[in-house]
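Novice: I'd like to ask you about the structure that follows.
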Amino acid sequence: MIKSLFLSIVIVFSLNSFSQTLKGDEVIGTWLVGNSKAKIKIYKNGTKYYGKMVWLREPTDADGKPKLDKNNPDKEKQKLPLLGYDLLKDFVFEEDHWDNGTIYDPENGKTYKCKISFREGKLDVRGYIGFSLIGRTDVWFRCSDIK
């Protein structure tokens, strides 16, 4: 009897954990950012979520060379190409959103705290300084949803 009860409890907690993982993985995929200038591929590494730039509307500069992270405050990183660069880092899924991560804006070279919410097949990506009330939200669209 005790073994059956213990087994039932383990199964219930395992199913809850499994459903949390599946729900958290909704964010995985390729997303077109709000200004349509880039696509970000969100992936999971361990228990955290990251996003790298995989497409740019204008991938090269005026000289035909790949665009670099020229606005990065770290001089060494200014030599890195934007394509393949991780812009989203260290997100953790919490019930109905992804939090505790950062987003890097290559247009100004700044990194912001960030929160991501899934809404009607779209992502609300909110970058902010300090509190999430002081920030900006960008809506991203899943690439398979783009016609």
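Novice: How many residues does the range 119-137 hold that are surrounded by fewer than 17 Cβ atoms within 10 Å (Cβ to Cβ) and more than 28 Å from K75 (Cβ to Cβ)?
Specialist: Residues meeting the conditions: 10.
Residue-wise test of (1) of a type in the set (S, T, N, Q); (2) without any contact (Cβ under 8 Å) to a residue 60 or more places away in the chain.
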| site | (1), (2) |
| --- | --- |
| E26 | no, no |
| L32 | no, no |
| N45 | yes, yes |
| K65 | no, yes |
| D74 | no, yes |
| Y104 | no, yes |
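Novice: Something else about it: Considering only the range 106-147, how many residues are in contact (Cβ under 8 Å) with a residue 60 or more places away in the chain and in contact with a helix residue (DSSP H, G or I) (Cβ under 8 Å, 6 or more places away or on another chain)?
Specialist: Qualifying residue count, the range 106-147: 3.
Novice: Can you find, within the range 46-82, the residue that is farthest from K23 (Cα to Cα) among those that are surrounded by fewer than 11 Cβ atoms within 10 Å (Cβ to Cβ) and either under 12 Å from the mean Cα position of the chain (by Cα) or of a type in the set (D, E) (or both)?
Specialist: Filtering first and then ranking leaves D63.
Novice: Is it fair to say G121 is under 15 Å from G24 (Cα atoms), modelled with pLDDT of 95 or more and not hydroxyl-bearing (S, T, Y)?
Specialist: Details: under 15 Å from G24 (Cα atoms): yes; modelled with pLDDT of 95 or more: no; not hydroxyl-bearing (S, T, Y): yes.
So G121 fails the test.
Novice: Filter the range 70-82 for residues that are closer than 12 Å to K52 by Cβ and not in a loop (DSSP other than H, G, I, E, B) and give the result.
Specialist: The answer is P81, and nothing else.
Novice: Continuing with the same structure: Tell me whether the range 83-90 contains one or more residues that are assigned to a loop (DSSP other than H, G, I, E, B), under 13 Å from the mean Cα position of the chain (by Cα) and not charged (D, E, K, R).
Specialist: Residues of the range 83-90 assigned to a loop (DSSP other than H, G, I, E, B): 83-85.
Imposing the further condition that a residue be under 13 Å from the mean Cα position of the chain (by Cα) reduces the set to 85.
Of the ones still in play, those that are also not charged (D, E, K, R) are 85.
The answer is yes; a qualifying residue exists.
Novice: Any chance the range 83-90 includes a residue that's among the hydroxyl-bearing types (S, T, Y), surrounded by 12 or more Cβ atoms within 10 Å (Cβ to Cβ) and within 16 Å of A38 (Cβ to Cβ)? Spell out the reasoning first.
Specialist: Just the residues of the range 83-90 that are among the hydroxyl-bearing types (S, T, Y), to begin with: 85.
Applying the additional criterion that residues be surrounded by 12 or more Cβ atoms within 10 Å (Cβ to Cβ) yields 85.
Those still in the list that are within 16 Å of A38 (Cβ to Cβ) too: 85.
The answer is yes, given that some residue of the range 83-90 is among the hydroxyl-bearing types (S, T, Y), surrounded by 12 or more Cβ atoms within 10 Å (Cβ to Cβ) and within 16 Å of A38 (Cβ to Cβ).
Novice: Please state which of the following conditions D86 fails to meet, knowing it meets all the rest: (1) under 14 Å from I103 (Cα atoms); (2) in contact with an Asp or Glu (Cβ under 9 Å, 6 or more places away or on another chain).
Specialist: In the conditions (1) under 14 Å from I103 (Cα atoms); (2) in contact with an Asp or Glu (Cβ under 9 Å, 6 or more places away or on another chain), D86 misses (2) alone.
The values are calculated or read from the model by the stated rules, or taken from the named source; none is laboratory data. These numbers were taken from a predicted model, which means no experiment stands behind them. Note: ideal-geometry Cβ built from the backbone for every residue, glycine included; neighbour counts use all protein chains shown.
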